[in-house]
Amino acid sequence: MDNPASVRLSDYENGEPVYDKPVIYLYPTEPTEVDVKLDFVGTLTVTIPEYNDGWKVTAYPDGTLVDENGTEYPYLFWEGKPDNPVKITEGFCVAGNETEIFLRKLLPYLGLIETEYEEFIDFWVPRMEGNVYNLIQFQTEIYTDNAILKINPEPDSILRVFMSFTAVDEYTKIPTQTLETFKRFGFTVIEWGGCEING
């Protein structure tokens with residue numbers, strides 16, 4: 001199959017931000033058949049495997065996913081154009097050349113393990129480090145309410161990390177976002193993704 005990391009849309013579709021590379025990892029405690037449905041308020045533009053009416057996979061404790069055709073995937077992948085806008089109202093102002101350091105410190109605190117945060121950094125840092133500064137916010141309800149995951153069997157713990165950012169030319173004061181750390185237990189689902197907001 002194509003490497004999902006190589007599937008990249010334009011940051012903007014008709015001037016609107018696109019949710020880029022949300023990926024969903026499934027970590028059951030034993031091999032488990034899992035159904036995943038995504039109720040997205042917007043238009044899905046890319047899904048791997050093909051979404052159809054949901055994803056049906058066998059998930060293994062190491063995160064390996066096998067679809068109904070026997071094809072293996074490291075995660076479920078989707079991108080989409082949202083109907084509702086994403087805004088940055090709090091967060092962090094980070095120098096572009098310090099973005100990787102910032103993310104390497106924050107992402108493990110949020111609960112991502114090395115393989116997950118390395119994928120995140122590999123995807124996002126090249127798009128951010130050339131900016132003078134980035135305003136960064138990790139979205140909560142505006143994301144989860146507009147991209148609802150329905151997973152059967154229901155996971156014991158779920159973490160959804162969605163970063164929005166916009167480039168700015170000078171240091172900009174913004175209310176600091178309070179973030180909590182995440183502890184995994186039982187059948188765990190991890191998702192990360194993001195979008196660039198055209199300032």
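Annotations for the structure displayed:
- Just so you know, in the range 171-199 the residues that are aliphatic (A, V, I, L, M) and crowded, with 17+ Cβ neighbours inside 10 Å include one that is farthest from the chain's Cα centre (by Cα), and it is ILE197.
- Residue under evaluation ASP20, criteria (1) modelled with pLDDT of 95 or more; (2) of a type outside the set (Val, Ile, Thr); (3) in contact with a Leu (Cβ under 7 Å, 6 or more places away or on another chain), criterion not met: (1)
- Condition check for PRO82: of a type outside the set (Asp, Glu) and at pLDDT below 95: yes
- Candidates THR99, THR172, THR176 - the one that is in contact with a Cys (Cβ under 8 Å, 6 or more places away or on another chain) and at pLDDT 95 or above: THR172
- Search result, residues across the range 40-60 that are of a type in the set (Gly, Ala, Ser) and surrounded by 15 or more Cβ atoms within 10 Å (Cβ to Cβ): GLY42, ALA59
The values are calculated or read from the model by the stated rules, or taken from the named source; none is laboratory data. Everything quoted here is computed from the prediction, not taken from an experiment. Note that each Cβ is placed from the backbone with ideal geometry, even for glycine, and that neighbours are counted across all protein chains shown.
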